[in-house]
1. Quick check on this structure: which one of 41, 71 is modelled with pLDDT of 80 or more, at positive phi and among the small types (Gly, Ala, Ser)?
2. Report, by residue number, each residue of the stretch 274-297 that is assigned to a loop (DSSP other than H, G, I, E, B) and open to solvent by 60 Å² or more (accessible area, probe 1.4 Å).
3. Would you be able to tell me the number of residues in the stretch 232-251 that are of a type in the set (Ser, Thr, Tyr), within 15 Å of residue 264 (Cα to Cα) and within 21 Å of the chain's Cα centre (by Cα)?
4. Taking interchain pairs and intrachain pairs at least six residues apart, which have beta carbon atoms under 6 angstrom, with the first residue in the stretch 251-272 and under 15 Å from residue 224 (Cα atoms) and the second in a loop (DSSP other than H, G, I, E, B) and open to solvent by 60 Å² or more (accessible area, probe 1.4 Å)?
5. Need a quick list: helices (runs of 4 or more DSSP H) entirely within the stretch 23-90 having at least 1 residues that are open to solvent by less than 80 Å² (accessible area, probe 1.4 Å), aromatic (Phe, Trp, Tyr) and under 25 Å from residue 105 (Cβ atoms).
6. Which numbered condition in (1) open to solvent by less than 20 Å² (accessible area, probe 1.4 Å); (2) at pLDDT below 85 is the only one that residue 174 fails?
7. Which ones in the stretch 253-267 are open to solvent by 10 Å² or more (accessible area, probe 1.4 Å) and either over 14 Å from residue 299 (Cα atoms) or in a strand (DSSP E or B) (or both)?
8. For residue 25, are the conditions met, namely being among the aromatic types (Phe, Trp, Tyr) and modelled with pLDDT of 85 or more?
Amino acid sequence: MELIEKIIELDFATLPALVGPNDVFMKLIENKINLFLNLRGNILSVKGTHEEVNLVSIIFNELSFILKKNGTLEKNDVETVLELTSTTQIPQRLTAGLNATDSMIYWGSKEAIKTRSPKQRTYCEKVLNNDMVFAIGPAGTGKTYLAVAMALAALRRNEASKIVLSRPAVEAGESLGFLPGDLKEKLDPYLRPLLDALYIMLGPEKLKILTDKNIIEIIPLAYMRGRTISNSFIILDEAQNATITQMKMFLTRLGENSKAIITGDITQIDLRNKRDSGLINANKILHNIGGIEFVYFDEMDVVRHRLVTEIIKAYEREENEHI
């Protein structure tokens, strides 16, 4: 049986409460899973089978969530988590980053990022069980925000060594050449929604560290040509503005041990000819490939201000009247 070693980075601020007084919680976990846990500073090293080390990650993720939610961690909390993870069903749920009552995906710098509808939970489950997922639907349904949260959760669980986020640099008929500033200044407006989500979930300091180390890379779609991206979580946002050629280029960048999420809204295509949209084309031709799934959101899934739902409905009625 092949043994592997996994390194888990724990939060310094919550470490004493997480391991318990005199490491009593650590000892409970060791006795339950029959593995030695080596903790140096905030770095936890665990050696065992793939299933065993993955179980340790699940346990500490769940305990961290309980601690941050309640402000404290009790012995009975640890015992409950250990009891749950001894079943066959619960670990799969927790691996997905979903809690039965809270549906948590990722604990951000200030709060938990949770699913807020059955469709969002379906979205997260499909991402867990497939290497490529298309999320199609109107603004405000959480497509991009949840994708970023799932990518950060995968990074935290050491299931990905890097996050790559991309968007096509085409919006409202503008081109980069006509925008003021250097290349970074030209690209910032296109990449800002991705940066905003990362800023909220990570905080400015951690975001800067991860981007400086290139663990998080945010690039325009055109800059991905010629690359093979392995061991990564890849997100293409606003995919309705990618051409068919660009979409094919992006989808074929996927390397070993990588996942990809493609999000877009086919009602907001900014290309001159909407028939050139790579998202529409992919939606037609990729349905029968194993490992690729599609999730469709509608106005009922909008989680922004209630007026967003009404606005989407109004535009849909207007479009239907002209068909």
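1. Only one candidate qualifies: 41.
2. 287, 288, 289, 290
3. Looking only at the stretch 232-251, we keep the residues that are of a type in the set (Ser, Thr, Tyr), and these are 232, 243, 245.
Subsequent filtering for residues that are within 15 Å of residue 264 (Cα to Cα) retains 243.
Going one step further and asking which of them are within 21 Å of the chain's Cα centre (by Cα), we end up with none.
Of the residues in the stretch 232-251, 0 are of a type in the set (Ser, Thr, Tyr), within 15 Å of residue 264 (Cα to Cα) and within 21 Å of the chain's Cα centre (by Cα).
4. That search, which allows pairs on different chains as well, returns 253/227; 255/228.
5. Result: 24-33, 50-70.
6. (1)
7. 253, 254, 255, 256, 257, 259
8. So residue 25 fits the description; yes.
The values are calculated or read from the model by the stated rules, or taken from the named source; none is laboratory data. Since we're looking at a predicted model, the values are computed, not measured. Here the Cβ is made from the backbone with ideal geometry for all residues, glycine too, and neighbour counts use every protein chain on show. Just the protein is used for accessible areas: all its heavy atoms, side chains included, with ligands, DNA and RNA removed. Shrake-Rupley method; radii C 1.70, N 1.55, O 1.52, S 1.80 Å.
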